[in-house]
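Working notes, beginning with the structure itself.
The values are calculated or read from the model by the stated rules, or taken from the named source; none is laboratory data. Keep in mind it's a predicted model, so treat the numbers as computed, not measured. Quick reminder, even Gly has a Cβ in these numbers, built from the backbone with ideal geometry, and neighbours come from all protein chains shown. Note: accessible area is taken over every heavy atom of the protein model, side chains too, but ligands, DNA and RNA are not part of it. Shrake-Rupley method; radii C 1.70, N 1.55, O 1.52, S 1.80 Å.
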Amino acid sequence: MRLARLTYYLSGGCPPGSTHHHPGCRDQRPPRLAEPVMLPGGMYFSGESQIWTGGVAFYDPSAPGEVAGRAYLLTAGQFADVAAQEMHRPPDLDLDLATVLRTGRAQVGPGRYETLVLVGHHTEVPVLTFTAPWTMADVELSAPSGGYLAMLAAGLREAHGWSARRIADYLATRPGAAGTWRPEAVERLLTEERTSDRADAGRASWAR
């Protein structure tokens, strides 16, 4: 949900907190539009991130509830390249979107982020995302790491402008995080993230 982090997928590079270098998209132009959205369905944590450790966030469009997200206006080629990079594959092939646009869902590979979902339309533009081929009920849940939650929290703050308490309540009650993370602990992560951002800004100002 953070535009700065998406920019690494578009332009290439290694984002803060990660050791993975993104090759970037074939078309490296920034998104023409970015808007907060609420998607029908549920978000949960499962598996284990190779970069962050702990559970990874997945979207289950069949689950009850709503999921906070951010919609970016990208080209079809950029969407394909971002999806490829999420699967650590070279961004060099376009996706055939005919099936997902017609049926609402298409599995283009076996990976955990290779199932395309048509969430709806915004001003006649299809809203697409990618997630796992399974549902929340099919897998074992696992708690996310503090660093991963801090990244999601910062994204929610940037995209939706929510208060720290609302963000903490939202993340701490997602399946996988619930029972391991309390809202107070998640709220502290967001406070620490803000302190870190201010320190980075201060160092940058001093360097100039």
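Open to solvent by 40 Å² or more (accessible area, probe 1.4 Å) and more than 16 Å from the chain's Cα centre (by Cα), is that true of Thr75? Answer is yes for this residue. Each residue in segment 148-162 was checked for being surrounded by fewer than 20 Cβ atoms within 10 Å (Cβ to Cβ) and of a type outside the set (Gly, Ala, Ser), and 4 pass. Number of residues in segment 54-95 that are within 18 Å of Asp27 (Cβ to Cβ) and acidic (Asp, Glu) equals 4.
For segment 117-138, a tally of residues being modelled with pLDDT of 95 or more, outside any strand (DSSP E or B) and farther than 20 Å from Glu86 by Cα returns 2. Within segment 96-116, take every residue that is in a loop (DSSP other than H, G, I, E, B) and either in contact with a Leu (Cβ under 8 Å, 6 or more places away or on another chain) or of a type in the set (Phe, Trp, Tyr) (or both) and give me the one that is surrounded by the most Cβ atoms within 10 Å (Cβ to Cβ). Ranking the qualifying residues of segment 96-116, first place goes to Tyr113. Taken as a whole, the condition of being modelled with pLDDT of 95 or more, assigned to a helix (DSSP H, G or I) and open to solvent by 60 Å² or more (accessible area, probe 1.4 Å) does not apply to Arg188. Checking each residue in segment 6-15 for being out of contact with any Ser or Thr (no Cβ under 9 Å at 6 or more places or on another chain) and either at pLDDT below 95 or open to solvent by 60 Å² or more (accessible area, probe 1.4 Å) (or both) picks out only Cys14. The condition (being farther than 22 Å from Ala4 by Cβ and aliphatic (A, V, I, L, M)) is satisfied by just one residue among Leu97, Leu74, Leu33: Leu97. Inspect segment 85-92 for any residue being of a type in the set (D, E, K, R), surrounded by 14 or more Cβ atoms within 10 Å (Cβ to Cβ) and at pLDDT 95 or above and give the result as yes or no. No; the residues of segment 85-92 include none that is of a type in the set (D, E, K, R), surrounded by 14 or more Cβ atoms within 10 Å (Cβ to Cβ) and at pLDDT 95 or above. Number of residues in segment 117-147 that are surrounded by 17 or more Cβ atoms within 10 Å (Cβ to Cβ), more than 28 Å from Ala34 (Cβ to Cβ) and of a type in the set (Ser, Thr, Tyr): the value is 1. Whenever a residue of segment 20-49 is without any contact (Cβ under 8 Å) to a residue 12 or more places away in the chain, its partners that are of a type outside the set (Gly, Ala, Ser), lying with C-beta atoms within less than 9 angstrom and at least six residues away or across chains, give the pairs His21/Tyr8; His21/Cys14. How many residues are part of a helix (DSSP H, G or I) and either at pLDDT below 95 or open to solvent by 70 Å² or more (accessible area, probe 1.4 Å) (or both) when one looks only at segment 165-185? Total satisfying the criteria: 3. Here Ser46 fulfils each of the conditions (1) at pLDDT 95 or above; (2) surrounded by 14 or more Cβ atoms within 10 Å (Cβ to Cβ); (3) within 23 Å of Pro126 (Cβ to Cβ) apart from (3).
Run down Gln85, Gln107, Gln28 and say which single residue is over 15 Å from the mean Cα position of the chain (by Cα), farther than 21 Å from Asp138 by Cα and among the polar types (S, T, N, Q).
Testing whether each residue is over 15 Å from the mean Cα position of the chain (by Cα), farther than 21 Å from Asp138 by Cα and among the polar types (S, T, N, Q) leaves just Gln28.
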